[in-house]
Structures are given as structure tokens and as C-alpha cells.
Amino acid sequence: MFSFLRSDLADLVSYTPQPEDFLGKQNTKQEQIDRLDTNENPYDLPQDLKAKLAQTYQDIIAVNRYPDGSHGKLKQAIAEYTNESAGVRHFHPANISVGNGSDELIRSLLIATCIGNNGSILVANPTFSMYEILAKTLGISVKTVERNPSTFEIDLDAASKMVADADPPVKVVFVVHPNSPTANKLTEREIAWLQELPERVLVVIDEAYFEFCQHTLAPEITRHPNWVVLRTFSKAFRLAGHRVGYAISHPMLTATLEKIRLPYNLPSFSQAAARAVLSHREELLQVVSEIQKQRQKLIAAFQKLPGVQVWPSNANFIYLRFQGNAAANERKMQEIADGMKARGTLIRHTGGGLRITVGSEEENKHTVQRFQEILKS
Ligand SMILES: *Cc1c(COP(=O)(O)O)cnc(C)c1O
């Protein structure tokens, strides 16, 4: 059956979204579920801003019309924010491409570079799984290297070898800064390695968690036209439900991304929402320091738990593992993730560890309590 389908797709597993019960603020039993498995912001937009947006929908947006396919005003606002966040002045709308989530931009980059057995991508695991998933849906081969198990620094010798020898050749290197799920930012050594890569390699710096770390590599784009920085409104800016991401790159690369994307990829309401949060960024990003404070409290609480190894974090999540036998720990961590879910907290078992989003103060209290309860049982 369905012999028209590509055979390599049969083995792929689709990215599993939340079970329907967990969508929205409450599940069907009217119990609060703490959704700490996807690194969203724990706070919705303030009511007055939502009301303003609703008014925009009522008064300004014509839903019988296609959205602005050029994203003109949004790009202008993003370019300004990019300059401000990087302490520079040289980014313009011609440097910005907007996607339906940065996931769309990752796919566009893959289409622009590797599709048709033209090249492979390089990732250092554990890292964001979408690079590999999206590459495979396009039939693109994925080369992987490991990280140092205690610092999570990329094995740069192995990575250099891949860039020199891989077949098909490595055309894109994906790194997350700071990385997910391990929460570490790129080291000076890693950045120097990226700077030395030949210009035939596209370097993608995914800064999905930039606002929690405040270190950006965007200024590098002027020196390295083969670099692109990805960002998203899904995390610090609280707009996961609106699906808006952007790429910052050399105008020629931006122009190519614009050729590849679907014409009306971003709904009018999402464009309006992204512009609204940018114009209220000062107020909205105030929660970043609160989340950073909560992050440190959470890390301190986990450091007290016996056998638990928790790492420093530059993002809005923490990452932990257990000391001892890795295979036995995998089982234990799955039991913990299941136990947390049964108690009302969703966390993520991934990359040989547990990744837990920093939530509200109350959610974080639940996290620690429930985790302790499971360890004792
Ligand atoms: C959350 C996340 C994204 C954002 O994806 P969107 O499609 O913009 O929601 C991108 N990269 C990483 C590493 C992420 O964690």
C-alpha cells in the first residue's frame, strides 16, 4: 500500500505534540497541569495587551485578505530589536527573514543547502532534535559528533574531521547557543572553531534562548557572511501559540530564504502579535530576570538531592542526570518522568538526562516536591 511514498519516511517518527488533554491552561479534569517539557514562558501576555490585540483583530485586520506577504513592518521592528540586543546598528529588514516558527526557517535553510544529496548537516548530540528530524524528512543525511560528558563542549576534533571528510560533504553546522537540552552556552574555543570553518559551510547559530543568556553572536554576521542567527518569539516573548521565528543573515542569504518560503507563511494575527510584543518588549522582558532568579533557586534545590547531577544553566530550563550506570539511569529517568506526569508535571526525558523548564514560583515548588517524593518512593 502507498508504494508511491518514499520508503525512508516509513521509519521516521513524527514529533509528538502534547496529548490533547494537556493543551491550554487546564486539562479536562480542571486540574492545573504544569507544562514544563517545552521551555515555554510560564506567563501568558498581560490582559491589557491581549485586549489591545483583540481590538487590532476587530478594527484593523481584514481576514478576507491575505496577510502581508512581505512582513515589511514586522521585519523593520525585528531589525531594530536585533540591533538593540546586539549593541550594533547595521541590521536592516534586508537582513531579516520571518518564519512560521524558527522551525520553518530551519527547513528553508536545509532546502537551500543540502536537499537532493547535495550535502549533509553536522550536529553535536545531545541537541535540539528538529535539525535531525527535518533533515530526514528531506532525505538529507545527518552526521553527528558527541560532547564532553561533563562540560557538554562539542568534540571539536571529531567535528573537524567530519567537516574535512564527510560524504556527502558537510554543508551546514547547527549549534544552539545556549544549547538545548544541556543549557550551556558556546565556549570561546567552540566559537573560535566556528570562526575558522571554511566559507563553504553554513554556520547556523540557534539563539532560541538568547534573552535568558544575553550573549548573541549576531555581530559575527558582518565578518562571516556564511553565518545565520535564528531566534524565536516562542520562548522569552511568550508567543509560542503564534508561531513566529526569524533569521538574521547576509542580505543574499536572506533573499534566498525568501525565495523558498511559502508566500503567506505568517497569518496576519501572528504578525500583529509579534509587532505588539516588540513594542512592549521592555515591560514583557522584565520576567526574564524573575525566571533567571527562579532558575537559580531550582538548581540549588536539585543540588541538594542525593545522586543528582545538575548543570549550570544559561537558558530557561535546567538539565540533570544521575550519577552511576548510564543504562540503569535511563530506566530510572523514564520512571521519574512518568511519575512526574502522574503527579501533574510534564518534564522531558531526552539526550540521556532530564530537562525541566523553569516555571512560575508555584510550579517550581511542585517540581521539587514531586521529584523528592518520587526519589523517596
Ligand atoms: C524552542 C526552540 C526553537 C523555536 O522553535 P519555534 O518553531 O520558533 O517555536 C528553535 N530552536 C530551539 C533550540 C528551540 O529550543
(request) Assess whether Ala315 counts as being outside the structural domain of Lys235 (by TED's automatic domain parsing), closer than 16 Å to Pro126 by Cα and loosely packed, with under 15 Cβ neighbours inside 10 Å. (result) no
(request) Pull up the range 96-122, narrow it to residues that are away from the ligand (no atom under 11 Å from the Cβ) and among the β-branched types (Val, Ile, Thr), then point me to the one that is farthest from the chain's Cα centre (by Cα). (result) Ile115
(request) Tell me which residues, restricted to the range 257-286, are out of contact with any Leu (no Cβ under 9 Å at 6 or more places or on another chain) and within 21 Å of Leu217 (Cα to Cα). (result) Arg281, Leu285
(request) Could you tell me which residue of the range 66-90 is nearest to Glu258 (Cα to Cα), considering only residues that are within 16 Å of the ligand (Cβ to nearest atom) and out of contact with any helix residue (DSSP H, G or I) (no Cβ under 6 Å at 6 or more places or on another chain)? (result) His71
(request) Residue by residue through the range 254-265, note down the ones that are surrounded by 17 or more Cβ atoms within 10 Å (Cβ to Cβ) and either within 16 Å of the ligand (Cβ to nearest atom) or closer than 18 Å to Val175 by Cα (or both). (result) Leu257, Arg261, Asn265
(request) Determine which member of the set Pro126, Pro93 is under 25 Å from His250 (Cβ atoms), of a type outside the set (Val, Ile, Thr) and either more than 16 Å from the ligand (Cβ to nearest atom) or modelled with pLDDT of 95 or more (or both). (result) Pro93
(request) Name every residue in the range 159-184 that is within 13 Å of the chain's Cα centre (by Cα) and not β-branched (Val, Ile, Thr), in order of residue number. (result) Phe174, His177, Pro178, Asn179, Ser180, Pro181, Ala183
(message) Residue pairs, Cβ under 8 Å, 6 or more apart or interchain, first in the range 197-208 and free of Cβ contacts under 8 Å to residues at least 40 places away in the same chain, second hydroxyl-bearing (Ser, Thr, Tyr). List them.
(response) Glu207/Thr216
(message) If I go through the range 313-351 residue by residue, how many of them are of a type outside the set (A, V, I, L, M, F, W, C) and over 18 Å from the mean Cα position of the chain (by Cα)?
(response) 16
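Here's the yes/no breakdown for (1) within 28 Å of Glu362 (Cα to Cα); (2) at pLDDT below 95; (3) surrounded by 13 or more Cβ atoms within 10 Å (Cβ to Cβ); (4) not assigned by TED's automatic domain parsing to the domain that holds Glu361:
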site: Thr28; (1), (2), (3), (4): yes, yes, no, no
site: Asp34; (1), (2), (3), (4): yes, no, yes, no
site: Glu40; (1), (2), (3), (4): yes, no, yes, no
site: Lys52; (1), (2), (3), (4): no, no, yes, yes
site: Asn64; (1), (2), (3), (4): no, no, no, yes
site: Asp68; (1), (2), (3), (4): no, no, yes, yes
site: Gly72; (1), (2), (3), (4): no, no, no, yes
site: Ala77; (1), (2), (3), (4): no, no, yes, yes
(request) Restrict the check to the range 273-292 and report whether at least one residue is within 30 Å of Ile111 (Cα to Cα), outside the structural domain of Ile33 (by TED's automatic domain parsing), part of a loop (DSSP other than H, G, I, E, B) and touching a His at 6+ places or on another chain (Cβ under 9 Å). (result) no
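Anything in the range 332-367 that is hydrophobic (A, V, I, L, M, F, W, C), in contact (Cβ under 8 Å) with a residue 60 or more places away in the chain and either surrounded by fewer than 19 Cβ atoms within 10 Å (Cβ to Cβ) or assigned to a loop (DSSP other than H, G, I, E, B) (or both)? List them, or say none.
Across the range 332-367, the qualifying residues are Leu346, Ile347, Val358.
The values are calculated or read from the model by the stated rules, or taken from the named source; none is laboratory data. This one's a predicted model, so the numbers in the text were calculated from it and none came from an experiment. In this analysis, Cβ positions are derived from the backbone assuming ideal geometry, glycine residues included, and neighbour counts consider all displayed protein chains.
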